[in-house]
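Notes follow the structure.
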Amino acid sequence: MKILKEAKKRYDEIAIPEELSQIVESTIRRQEEKQEVYQSNAVNAESEKDTVNEAGKENRINETEKGKVIHMKRQGRVLKRTLAAAAGIFAVFTLGLNVNTAFAKTMYEIPIIGTLAQVLTIYSYEDETEDLKISVEIPSIETISGEVGDMDAVNKEIYEYCEQYAEEAVERAKEYREAFLATGGTEEEWEKHNIQIRVWYEIKSQTENYLSFIVQGRENWNSAGNSTRYYNIDIKTGGQITLEELLGENYVQIANESILHQIEERKENGEVFWTPEEGGFAGISEQTQFYINEMGNPVIVFDKYEIAPGADGQIEFEIKA
Amino acid sequence: MKQELYEKLVTHIVENQNQFYRIAFSYAGNKEDALDIVQNAICKALENYEMIRNEKAIRTWFYRILVNESMLLLKQHKKEMSCGEQEWLLEVPYFEKAYEAEGDAFDQINQLEEDVQSIIKLRFFEELSLKEIAEIMDLNLNTVKAKLYRGLKTLKQRVKEGA
């Protein structure tokens with residue numbers, strides 16, 4: 001039933017509030033504390049009773065065994081509670097990437113980082129018409145607390161970029177359709193094109209100081225329409241981080257040397273790069289695109305065709321500082 | 001053994017919290033109430049975890065609590081409202097009319113009978129099996145089937161009328 005599919009879509013798009021994981025975590029913690037108080041009271045009461053009754057050995061064994069069980073229980077929870085307590089301190093910060101990931105997983109696998117901001121989907125939609133399918137996921141930087149820069153400008157920029165891309169891609173699809181039909185293509189043939197437009201983002205890394213992510217727009221019929229934007233946001237200022245900030249004053253030289261060196265290495269492995277005369281790598285500039293990887297190193301990215309044949313796709317160079 | 005069950009329950013809650021929130025929201029229709037429902041359900045579950053038969057039953061058992069908590073909140077609201085101002089009551093028919101005409105299937109589901117809406121939500125939103133739903137709702141399988149069928153029929157009709 002189609003109406004249920006639509007309803008399910010609306011259901012799946014119910015936004016998860018930031019507070020949820022905190023509320024869940026604190027409810028569980030409070031409940032555990034309540035139970036422990038209850039249990040230790042019970043043990044105390046029992047041991048008092050035992051003394052009064054001048055209980056025999058049997059009772060004592062019982063009691064110590066109970067004590068042991070509870071002790072073991074406690075041990076099990078000590079670790080958890082330490083984590084939970086640590087999480088408590090950072091609860092405001094560690095909402096994690098996208099929040100969706102199960103709290104437990106992010107909690108136990110990723111070391112706790114005092115993140116003050118995060119990237120979230122603020123707006124997403126999918127649409128399917130006779131002519132095309134479009135899916136758009138727009139990210140936005142949400143600051144959680146503390147001394148952080150103003151993200152309004154960058155958020156606005158991201159939003160406009162995504163919407164503009166989607167709009168233009170739909171336009172391009174229309175033009176394509178008209179051109180296709182005008183040059184003798186039939187409606188049936190057109191339908192087989194299965195035109196798709198997608199705008200989405202990918203988080204590369206995040207720490208307490210920065211967020212690095214890319215926003216991409218793709219059309220499945222036209223790679224020239226592809227577009228990627230790199231965002232390396234300084235959380236304290238809300239501005240973009242530059243290569244100079246990451247690599248120092250001599251960043252151009254450092255990056256160029258590293259890239260040339262890596263090109264040589266890759267050539268030895270049989271990869272093809274264009275020479276500078278053919279329009280290949282001729283040094284980086286201020287416009288050079290990069291993201292920051294998990295290691296905190298800048299990764300410089302060249303678009304398809306930019307420095308090598310298109311078959312290699314995008315080419316990346318990690319610059320180790 | 002019991003301790004293990006408790007830990008499993010905690011893991012289950014933590015891992016599926018988003019799903020629980022969505023269910024709660026589908027009943028409550030607003031964030032605050034949905035968060036309340038989730039919180040109450042977690043408290044109840046942790047307090048009564050000894051009642052879970054076995055590990056495998058955790059999933060359906062928790063859904064059951066969650067659905068019950070959602071229903072409870074809705075009932076409380078209805079009560080509060082009917083005790084509230086008379087003026088508000090006069091406005092109801094107008095409000096509901098507009099709401100119904102505009103609503104898509106998602107909104108229409110909430111206009112169905114309580115157990116029917118729960119069955120539809122669990123079946124289509126959470127994608128549970130009819131058997132699981134029967135367990136959660138404490139109904140027998142044939143009743144669930146009948147209610148589901150009837151619910152879908154009504155839903156289809158209403159959405160058509162609305163469109």
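The values are calculated or read from the model by the stated rules, or taken from the named source; none is laboratory data. Keep in mind it's a predicted model, so treat the numbers as computed, not measured. Glycine gets a Cβ as well: all are built from the backbone with ideal geometry, and neighbour counts include every protein chain shown.
Data for the structure
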read-out	value
Selection count where residues are surrounded by 13 or more Cβ atoms within 10 Å (Cβ to Cβ) and either among the hydroxyl-bearing types (Ser, Thr, Tyr) or under 20 Å from the mean Cα position of the chain (by Cα) (or both), scope region A:126-148	11
Some residue of region A:127-134 being within 21 Å of A:TYR210 (Cβ to Cβ), modelled with pLDDT under 90 and of a type in the set (Lys, Arg)	no
In region A:217-242, the residues that are without any contact (Cβ under 8 Å) to a residue 60 or more places away in the chain and within 15 Å of A:VAL299 (Cβ to Cβ)	A:ILE241, A:THR242
Hits in region B:17-31 (condition: more than 7 Å from every other protein chain (Cβ to nearest Cβ) and surrounded by 19 or more Cβ atoms within 10 Å (Cβ to Cβ))	B:PHE20, B:ILE23, B:ALA24, B:TYR27, B:ALA28
Total residues in region A:191-205, condition modelled with pLDDT under 85 and either surrounded by fewer than 16 Cβ atoms within 10 Å (Cβ to Cβ) or among the polar types (S, T, N, Q) (or both)	3
Criterion violated by A:SER223 - all others in (1) under 23 Å from the mean Cα position of the chain (by Cα); (2) under 26 Å from A:PRO309 (Cα atoms); (3) hydroxyl-bearing (Ser, Thr, Tyr) satisfied	(1)
Residue check for A:ILE307: over 20 Å from A:PHE213 (Cβ atoms) and touching a strand residue (DSSP E or B) at 6+ places or on another chain (Cβ under 7 Å)	yes
All positions within region B:108-137 that are over 18 Å from B:TRP61 (Cα atoms), away from every other protein chain (no Cβ under 12 Å) and not in a loop (DSSP other than H, G, I, E, B)	B:GLU114, B:VAL116
Subset of region A:12-27 that is at the interface with another protein chain (Cβ under 7 Å from one of its Cβ atoms), free of Cβ contacts under 8 Å to residues at least 12 places away in the same chain and part of a helix (DSSP H, G or I) - its residue that is nearest to A:TYR125 (Cα to Cα)	A:GLU19
Inter-residue pairs, beta-carbon under 7 Å, first over 21 Å from A:SER21 (Cα atoms) and in region B:38-57, second β-branched (Val, Ile, Thr), 6+ apart	B:ILE52/B:ILE58
Some residue of region A:28-49 being at pLDDT 85 or above, out of contact with any strand residue (DSSP E or B) (no Cβ under 7 Å at 6 or more places or on another chain) and facing another protein chain (nearest Cβ under 8 Å)	yes
Region B:44-71, residues that are more than 14 Å from chain A (Cβ to nearest Cβ) and either touching a Pro at 6+ places or on another chain (Cβ under 6 Å) or surrounded by 14 or more Cβ atoms within 10 Å (Cβ to Cβ) (or both)	B:ILE52, B:ALA57, B:ILE58, B:ARG59, B:THR60, B:TRP61, B:TYR63, B:ARG64, B:VAL67, B:ASN68, B:MET71
Count of region B:1-58 residues which are under 13 Å from the mean Cα position of the chain (by Cα) and of a type outside the set (Ser, Thr, Tyr)	13
Check on B:ALA34, small (Gly, Ala, Ser), facing chain A (nearest Cβ under 10 Å) and either under 22 Å from B:ILE120 (Cβ atoms) or surrounded by 18 or more Cβ atoms within 10 Å (Cβ to Cβ) (or both)	yes
Filtered residues of region A:104-119 (kept if modelled with pLDDT under 80 and assigned to a strand (DSSP E or B))	A:ALA117, A:GLN118
